[in-house]
Amino acid sequence: MKKIEPSPFSQAPKLKVGLQMKAKLAADLLSLSEAEFADYVRRLEDDPLFGELLELGIIRYRRFPRTFSVMELRPELISDSPAKSPEPLLSEREDTIKLIRQIGKEDFCRFFLYNDGQISLENIKKELSLSLSQIKAINQLITDFEVQYGVWYQPKDRGGYISYTKIASIQDDLTIGFFWQNMTRGKYIIEYERLKEEGFDKAKISQIKRLLRKLELANTRKTLIFQILEKIVEQQAKYLKNGRLSDLSLLTETEVAQDLGVAISSVSRAIQNRCVETPWGERPLKFFFFSSKDRLKLLVEKIIEEEKTPLTDGKIQQSLKKYGISVARRTVAQCRKELKILSFRRR
């Protein structure tokens with residue numbers, strides 16, 4: 001009886017990378033800035049092998065649910081009668097913006113923002129009657145938009161700023177708009193069964209394995225960031241709808257890590273120096289994670305910030321009751337000291 005050789009892709013989802021090495025690579029990708037990761041993804045997708053597998057239907061994109069591109073919200077780009085943008089990036093690209101308006105919102109989204117790789121460059125040229133240079137100009141504007149508007153600078157208490165990468169905008173209806181196109185397109189779906197049918201030679205199999213390993217690692221980062229945003233929307237829906245600090249729910253990194261089945265360190269890396277736009281302004285992702293004590297300190301700080309005349313710790317204790325919080329006066333004093341806020345006599 002002829003011996004049946006196992007397919008080289010039969011174990012494809014379990015590529016031979018040590019668990020420790022894979023964890024380190026995933027951690028390294030999480031530590032990349034959004035601009036660095038976008039560049040990493042572009043290099044992967046510029047690989048001719050990626051294009052070949054995409055054309056064969058072996059690789060495809062799957063958008064994350066209830067997400068979109070924030071570029072859809074820019075009236076300078078898609079409005080029928082837009083005002084001229086005062087922002088340099090857009091005002092300096094008037095020819096490209098006019099081109100996008102001529103294309104129209106529907107085709108701009110279909111062929112550019114949400115192109116899942118199934119629409120080739122030749123098809124875009126033919127369908128929209130565009131030149132290669134015009135297509136490149138539109139894609140370059142999308143790339144530059146990510147870098148220009150995907151940053152937020154938060155003032156520090158003692159002067160200076162903290163730089164955050166703006167990854168998404170959470171809307172009133174709790175949908176998530178991404179600033180970065182690699183997140184807008186979603187994760188890679190890899191059809192390993194299709195690979196087994198193609199009959200690639202051993203040299204090409206080796207190349208494909210290396211590429212797929214990198215795509216799977218990119219998926220790990222993309223999926224984790226989306227899942228954390230999804231968890232924030234789920235847990236902090238009341239706050240996101242009305243902006244009241246008292247409606248923030250208790251949420252810890254440990255709890256989220258357990259729910260998602262990942263290490264706490266992965267969650268910590270994923271939320272580090274990243275922020276989102278909300279209906280109430282920009283918020284660091286860390287803003288949504290806190291214990292009961294963190295919540296108490298947040299409310300003590302808010303009460304003191306809003307005081308017309310300096311309040312004693314006892315008065316702050318009474319004010320906390322309207323938020324449904326009953327604590328001892330000495331607990332208020334301890335929180336105030338940890339916040340490095342002076343006593344009422346010295347404020």
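Structure data summary
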| quantity | calculated |
| --- | --- |
| Only listed residue being over 14 Å from the mean Cα position of the chain (by Cα) and either under 30 Å from residue 213 (Cβ atoms) or open to solvent by less than 40 Å² (accessible area, probe 1.4 Å) (or both), chosen from 188, 149, 153, 161 | 188 |
| Residue that is most open to solvent (accessible area, probe 1.4 Å) [pool: residues in region 239-261 that are touching a Ser or Thr at 6+ places or on another chain (Cβ under 9 Å) and within 16 Å of residue 220 (Cβ to Cβ)] | 260 |
| Considering residues of region 25-56 that are surrounded by 18 or more Cβ atoms within 10 Å (Cβ to Cβ) and of a type in the set (Gly, Ala, Ser) only, the residue farthest from residue 166 (Cα to Cα) | 26 |
| Test result for residue 234, of a type outside the set (A, V, I, L, M), at pLDDT 95 or above, farther than 30 Å from residue 46 by Cβ and open to solvent by 20 Å² or more (accessible area, probe 1.4 Å) | yes |
| Residues that are surrounded by 17 or more Cβ atoms within 10 Å (Cβ to Cβ) and of a type in the set (Asp, Glu), drawn from region 105-146 | 146 |
| Residues located in region 276-306, provided they are without any contact (Cβ under 8 Å) to a residue 40 or more places away in the chain, open to solvent by less than 50 Å² (accessible area, probe 1.4 Å) and not in a helix (DSSP H, G or I) | 281, 289 |
| Any hit, region 240-251, residues being of a type in the set (D, E, K, R) and either part of a loop (DSSP other than H, G, I, E, B) or farther than 23 Å from residue 171 by Cα (or both) | yes |
| Of residues in region 318-334 being open to solvent by 40 Å² or more (accessible area, probe 1.4 Å) and in a helix (DSSP H, G or I), the one modelled with the lowest pLDDT | 323 |
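The values are calculated or read from the model by the stated rules, or taken from the named source; none is laboratory data. Remember, it's a predicted structure, so these values are computed and weren't measured experimentally. Because the Cβ atoms are built from the backbone with ideal geometry, glycine has one as well, and the counts that use them run over all protein chains shown. Only protein heavy atoms, including side chains, enter the accessible area calculation; ligands, DNA and RNA are left aside. Shrake-Rupley method; radii C 1.70, N 1.55, O 1.52, S 1.80 Å.
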